[in-house]
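Novice: Have a look at this one before I ask anything.
The values are calculated or read from the model by the stated rules, or taken from the named source; none is laboratory data. Small disclaimer: the values here were computed from a predicted structure and weren't measured. No Cβ is skipped: glycine too gets one built from the backbone with ideal geometry, and neighbour counts run over all protein chains shown.
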Amino acid sequence: MPRQRHRPKLAVWKFASCDGCQLTLLDCEDELLLMSELFEIAYFLEASSAVVRGPYDLSLVEGSITTPEEVERIHAIRRQSRILVAMGACATAGGIQAVRNFADVEDMKRVVYASPEYVRTLEHSLPASAYVPVDFELPGCPPSKAQVLEFLTAFLQGRRPSIPTHSVCIDCKRQGVVCVMVAEGIPCLGPVTRTGCDALCPRYRRGCYGCFGPMESPNTESLSAWFLVRSGLAPQQLVPLYRSFNAAAPAFVEASQRSADPIGVQQATESPWTQAVNERESANGEP
Amino acid sequence: MPEAVVVEASQLANLLAALQARKYRVIGPTVRDGAIIYDDLTTVSDLPVGWTDEQEAGEYRLRRRDDGAYFGYAVGPYAWKRFLHPSPFTLWRARRTPDGVIVELTDAEPSRFAFLGVRPCDLAAIGILDRVLRDGPYVDPSYRDRRDHVFIVTVQCANFSPSTCFCVSMGTGPRAENGFDLALTELLDPGSHRFLVEIGSERGAEILRELAHRPASASDWETATRLVHKTAARMGRQLEVRGLPEALLANLEHHRWDHVAARCLTCGNCTMVCPTCFCFSVEDRSDLTGSVIERVRTADVCFTTAFTYTAGKSLRQSARSRYRQWLTHKLATWVTQFGTFGCVGCGRCITWCPVGIDITEEAAAISGLTRKDERP
């Protein structure tokens with residue numbers, strides 16, 4: 001390989017999160033030693049308590065921004081980082097803790113904590129990009145090891161990372177998985193969810209939970225209409241479907257609000273899709 | 001009538017054995033995860049005996065049948081391109097060594113396949129892929145090397161309900177006249193389970209000599225013909241193809257494109273299940289140190305933004321433009337490009353669209369053409 005002029009300094013930061021994204025990095029077992037040769041691992045508390053001061057060539061940020069202190073910290077990290085990458089569903093789409101965005105956070109604090117007066121938190125759980133410019137996002141809960149390695153490889157080689165943004169469906173089909181929605185009627189978020197997991201759930205005959213967040217052009221309106229008419233889900237069942245790991249991703253926010261709001265549901269049942277299904281079913285008459 | 005014989009259903013095991021003895025990797029229908037798919041067969045018990053399928057737009061269900069039929073169903077989600085044009089497919093690999101860069105070809109000896117249970121529509125689809133990938137000016141060597149060796153056992157369409165099929169409209173079925181080595185028609189009379197076998201090649205005739213057989217009688221032919229006619233008469237879908245390319249291209253701004261775009265998920269399922277969609281993308285992959293590089297070909301899909309990404313921007317931003325590209329390519333511009341339709345009427349895109357978009361319905365609405373097939 002070409003000789004590195006210097007080993008890039010890598011920092012890994014944690015915000016409101018479960019640490020699963022950092023574990024994805026540690027899970028790169030075969031590549032871990034090599035990574036520690038190619039990068040100067042300057043700040044990665046989950047792996048080592050040895051800390052090297054900034055600035056950093058590459059910062060990987062895990063977790064969502066949920067407190068005033070975290071707002072200050074993400075700005076400080078941005079100032080010290082040449083490239084800042086948001087890693088995982090929390091850092092890219094608010095994480096599951098973003099369900100608070102749809103409720104009164106004071107009410108929630110009283111339910112969860114014995115002494116809520118000690119909890120200083122923001123009203124919303126938001127991705128890093130809500131506060132600072134983010135150079136690249138690696139989605140997923142947790143992110144894909146393959147995508148993380150592809151990003152790091154591309155970074156080292158100075159090329160564009162090849163990380164697709166299409167639907168999970170394409171992965172299912174590439175792998176020869178039989179569609180759980182079509183063949184078993186299981187509601188599946190795959191058609192509106194971004195690739196990255198290698199179609200993990202459908203491979204085990206489960207519907208997609210949307211861990212990688214919205215794909216590049218998600219048509220949640222059409223998919224929701226199908227769930228209501230053909231999978232027999234009630235509108236209130238659609239809300240938690242979209243409000244999970246990527247609750248604050250704009251396309252899923254819109255989808256969940258549409259389902260939570262009776263007018264939105266009315267619009268869905270009057271959509272061209274629903275009308276076409278009803279027309280066809282009344283025209284066919286027979287099975 | 002082509003040369004034909006009759007074999008008992010029990011001879012299917014001998015057919016499989018004869019193919020295996022010639023070192024073919026035999027691929028055929030088998031039940032997996034709630035559907036009939038094509039995969040490696042080792043014994044006849046791998047075949048979906050006693051199974052059928054029920055298909056509708058956006059819906060597929062496996063059902064039991066009690067007549068012991070081997071081939072009593074339409075097509076499943078995966079077409080034969082999976083084997084002829086695999087994805088992902090590593091084209092070559094290069095390693096950096098102390099002695100310099102070493103390039104290895106990774107497809108030195110592709111499998112010799114025997115396809116058992118190729119439906120006439122899928123046979124037509126292979127013919128279309130041949131035109132594009134083998135017989136045209138730009139030959140894909142990996143396709144050619146697989147295709148040239150394939151032994152094809154067609155099964156004429158009988159004994160099932162073709163609900164999302166429209167091969168009659170496309171002129172590709174339910175009976176294949178040629179292009180196969182052997183073609184079976186399954187005859188399920190009370191007390192007599194047998195196959196009418198048509199011989200399509202010298203290789204086919206050679207295999208057949210290893211099976212106990214008798215000449216086909218007029219009544220065998222009569223039964224086979226009646227069964228296939230029955231399938232033709234029960235086509236679940238129709239499409240008027242006369243004047244279709246011109247009518248579609250004259251309606252590129254039809255409001256129906258907006259209507260279907262509102263439903264389209266741009267998920268790409270239709271192209272992935274289509275037996276003729278062949279688009280691919282090629283990318284280079286490298287390890288962390290850049291000492292091993294692979295060039296990999298993967299199936300590409302005109303419903304993704306990456307498909308038309310060029311000079312910093314994707315050219316087809318809207319679902320409308322992507323669906324229109326796909327449908328007009330299948331049913332209009334393919335004709336100009338390759339001399340045939342890019343659609344064989346297998347109905348996979350209708351069944352496997354997660355929200356049940358029906359290409360025949362959309363094409364009829366946009367072109368303004370309708371058709372009622374003449375019953376044979």
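Novice: If I ask for residues that are more than 14 Å from chain A (Cβ to nearest Cβ) and touching a Phe, Trp or Tyr at 6+ places or on another chain (Cβ under 9 Å), which ones from the range B:346-365 would you list?
Specialist: B:Cys346
Novice: Say whether the condition of being in a helix (DSSP H, G or I), within 30 Å of B:Thr97 (Cβ to Cβ) and not assigned by TED's automatic domain parsing to the domain that holds A:Cys197 is met by at least one residue in the range A:16-27.
Specialist: Yes, the range A:16-27 has at least one match.
Novice: Could you run through the range A:158-191 and say how many residues are over 21 Å from A:Glu216 (Cα atoms) and at the interface with chain B (Cβ under 9 Å from one of its Cβ atoms)?
Specialist: Matching residues across the range A:158-191 total 9.
Novice: Quick check on the range A:197-215. Is at least one of its residues assigned to a loop (DSSP other than H, G, I, E, B), of a type in the set (Phe, Trp, Tyr) and touching a helix residue (DSSP H, G or I) at 6+ places or on another chain (Cβ under 7 Å)?
Specialist: yes
Novice: Could you list, in sequence order, all residues of the range B:57-76 that are at the interface with another protein chain (Cβ under 8 Å from one of its Cβ atoms) and in a strand (DSSP E or B)?
Specialist: Within the range B:57-76, B:Glu59, B:Tyr60, B:Arg61, B:Leu62 meet the criteria.
Novice: Sticking with this one: Output the residue which, of all residues in the range B:77-100 that are of a type in the set (Gly, Ala, Ser) and not in a strand (DSSP E or B), is farthest from the other protein chains (Cβ to nearest Cβ).
Specialist: B:Ala79
Novice: Also, I was wondering about something else. Hey, among B:Val301, B:Val292, B:Val344, B:Val273, which residue is among the β-branched types (Val, Ile, Thr) and touching a Pro at 6+ places or on another chain (Cβ under 6 Å)?
Specialist: The match here is B:Val273.
Novice: For the range B:52-96, how many residues are within 30 Å of B:Arg295 (Cβ to Cβ) and touching a residue at least 60 places away in the same chain (Cβ under 8 Å)? Quick ask: steps written out before the conclusion?
Specialist: Here is the first cut: in the range B:52-96, the ones within 30 Å of B:Arg295 (Cβ to Cβ) are B:77-96.
Add one more test, that the residue is touching a residue at least 60 places away in the same chain (Cβ under 8 Å), and what stays is B:77-81, B:83-85, B:87-96.
Result for the range B:52-96: 18.
Novice: Among what's in the range B:286-345 and is aromatic (Phe, Trp, Tyr) and farther than 28 Å from A:Arg160 by Cα, pick the residue that is nearest to the other protein chains (Cβ to nearest Cβ). Don't jump to the end; show me each part of the working.
Specialist: Narrowing the range B:286-345 to residues aromatic (Phe, Trp, Tyr): B:303, B:307, B:309, B:323, B:326, B:334, B:338, B:341.
Restricting the remaining residues to those that are farther than 28 Å from A:Arg160 by Cα gives B:323, B:326, B:334, B:338, B:341.
Working: B:Tyr323: 11, B:Trp326: 14, B:Trp334: 21, B:Phe338: 23, B:Phe341: 22 Å.
My answer is B:Tyr323.
Novice: So A:Glu137 passes all but one of these: (1) in contact (Cβ under 8 Å) with a residue 60 or more places away in the chain; (2) surrounded by 17 or more Cβ atoms within 10 Å (Cβ to Cβ). Which condition number does it fail?
Specialist: Of the numbered conditions (1) in contact (Cβ under 8 Å) with a residue 60 or more places away in the chain; (2) surrounded by 17 or more Cβ atoms within 10 Å (Cβ to Cβ), the odd one out for A:Glu137 is (1).
Novice: Hey, another quick one. Among the residues of the range B:29-55, write down those that are among the hydroxyl-bearing types (Ser, Thr, Tyr) and in contact with a strand residue (DSSP E or B) (Cβ under 6 Å, 6 or more places away or on another chain).
Specialist: B:Thr30, B:Tyr38, B:Thr52
Novice: Go through the range B:38-51 and count every residue that is surrounded by fewer than 20 Cβ atoms within 10 Å (Cβ to Cβ) and either in contact (Cβ under 8 Å) with a residue 24 or more places away in the chain or in a loop (DSSP other than H, G, I, E, B) (or both).
Specialist: Going through the range B:38-51 one residue at a time, the tally reaches 5.
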